[in-house]
1. For the stretch 2-80, with the dipole built from +1 on Lys and Arg beta-carbon atoms and -1 on Asp and Glu ones, taken about the Cα centre, which of 51, 33, 9 lies farthest toward the positive end?
2. When only alpha-carbon atoms are used, what values of Rg and Dmax, in angstrom, describe the chain?
3. Using helices alone, what [θ] at 222 nm do you get for the chain, with -39,500 (n - 2.57) per DSSP H run of 4 or more residues, divided over all residues and rounded to the nearest 500?
4. What are the ³J(HN,Hα) couplings of the stretch 91-103, residue after residue, when phi is run through the Karplus curve with 6.51, -1.76, 1.60 and θ = phi - 60°? Round to Hz, x for glycine and proline.
5. How far, in nm, would the chain grow between residue 51 and residue 103 when pulled straight, counting 0.36 nm per residue and subtracting the alpha carbon separation?
6. With only Lys, Arg, Asp and Glu charged, each at its Cβ (+1 for the first two, -1 for the last two), find how big the charge dipole of the stretch 2-80 is about the Cα centre; round to the nearest 20 debye.
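Rule-based calculations on the coordinates, nothing more; no lab input. Computed from a prediction, not measured in an experiment: that's the story for all the values here. Every residue, glycine as well, gets a Cβ built from its backbone with ideal geometry; the counts of neighbours run over all protein chains shown.
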Amino acid sequence: MASAAASAAARADALHLYRRILRLHRAKLSREQRRLGDAYVKKEWRDHKTAAPSFVGEFLGAWRAYASDLDLAADHRAVGRDLPSKLVGEMSDDQRATLARLEREARGRRA
């Protein structure tokens, strides 16, 4: 029973983080950044809904760091940072392709 309670608490924490990120997008990002960011967040969370438990901590940790960075940003012009090359090197081919697509979309919408 404790395992079920812990699992429910973990799901509630993950949902709280997901909602926090979307709220931060509303508060901190421009309309275009928000559209792109919301779509990406929703896709990532949907794609990782059935992720292996060993990966969930890393996944949520990365999103917590993102939320913290976003929370500290003054406004949409101060959002973002380069990913460490080590992290990019550890990504799968699919992840690097997604990152490249997001970068193209983000740069294409900047004036």
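1. 33
2. My reading of the Cα-based Rg and Dmax gives 15.2, 55 Å.
3. Values: 5 runs with 87 residues, N = 111.
Calculated from helices alone, the mean residue ellipticity at 222 nm is -26500 deg cm²/dmol.
4. 6, 6, 4, 4, 5, 5, 5, 5, 4, 5, 5, 4, 5
5. Working: separation 52, 0.36 × 52 = 18.72 nm, distance 2.50 nm.
Going from the current span to full extension adds 16.2 nm.
6. Working: 15 positive and 9 negative charges, 78 e Å.
In debye, rounded to 20, the stretch 2-80 gives about 380.
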